[in-house]
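What follows is a set of notes on a single structure, which appears directly below.
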Amino acid sequence: HMAYKEYYSMMSDNEKKIMAKEQEQEELLRRADYIFANGPKLYESARNLCEDYKGSKVIQILPGLSDIDPQKNPPTNLSVIVFGRIEESDKNNAVIKQPYLAVAAWGEYLKKTRNEGLQISSRMYVIGYEEDRIDEANRNLKKFVEEYTNGAENVSASPYLEQEKLYRMLRKQSLSFMLCREEGFGLAGLEAISAGVPVIISQNSGLYQFLEKNGLENRVLHIRVEGSYNKPYFSQDDLE
């Protein structure tokens, strides 16, 4: 189950397509004997869709921690990561996934520390672009971060990695971002937690709701992301 009504209109201006997607899912749920929803946010969404259908049964599932050997010691240099299905070809997806907010926040931090007389060795990885869009993504990221730091910074885009490679890279990071405007659950945040990597997550996610319901929300840094339809797709409050 996915909560299309929560976010799909942010990704597409095609109202006909949006309605068709919602109706297709509702029809599938109507016919299902069992519906499995990942985390509390999708569980409530599925229950709301199915309240009129007798016999439908919604079951909440939780993925649990990923099988990652947690990092023993944080890296000596600042190394940060954001990963997920970013899709450079779909500009509206940037409103949902907020990769530019993560890049801008990292750039603002570097600028602030340098203004205070500190020189930090830093690198940022943005993982999850389509294979044929990597060159374009790298150009866009480098141009974008230069606007925030007034200089060249070590930022790179890459396609989504197979799980073993991603986990190996994740364990080496100082910080991970999961700043989605809307997220049914948020496996990227849970994978960072599994790896013992500090993570900043969006309150608009099922992962945050799960942590909050279990009194664990203060184990991570969490922010409410408002987002914007206009470039660079986030608000000044989001950045601050």
| task | Identify the residue in the range 4-25 that is surrounded by 14 or more Cβ atoms within 10 Å (Cβ to Cβ) and over 22 Å from Glu226 (Cβ atoms) and, among all such residues, is modelled with the highest pLDDT. | result | Gln25
| query | What number of residues within the range 171-224 satisfy the criterion of being acidic (Asp, Glu) and in contact (Cβ under 8 Å) with a residue 24 or more places away in the chain? | reply | 3
| field | Index of the failed condition, Leu170 passing every other in (1) within 13 Å of the chain's Cα centre (by Cα); (2) crowded, with 22+ Cβ neighbours inside 10 Å | value | (1)
| query | With Ile96, Ile61 as the choices, which residue is open to solvent by 70 Å² or more (accessible area, probe 1.4 Å), within 21 Å of the chain's Cα centre (by Cα), among the hydrophobic types (A, V, I, L, M, F, W, C) and over 23 Å from Arg168 (Cα atoms)? | reply | Ile61
| message | Looking at the range 134-148 only, could you name the residues that are without any contact (Cβ under 8 Å) to a residue 40 or more places away in the chain, surrounded by 14 or more Cβ atoms within 10 Å (Cβ to Cβ) and more than 17 Å from Val82 (Cα to Cα)? | response | Glu146
| remark: Residue hits (the range 32-52; open to solvent by 80 Å² or more (accessible area, probe 1.4 Å), modelled with pLDDT of 85 or more and over 22 Å from Phe210 (Cα atoms)) are Asp33
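The values are calculated or read from the model by the stated rules, or taken from the named source; none is laboratory data. It should be emphasised that the depicted structure is a prediction, and the values quoted were computed from it without experimental measurement. Because the Cβ atoms are built from the backbone with ideal geometry, glycine has one as well, and the counts that use them run over all protein chains shown. Surface accessibility is based on the protein's heavy atoms, side chains included, excluding ligands, DNA and RNA. Shrake-Rupley method; radii C 1.70, N 1.55, O 1.52, S 1.80 Å.
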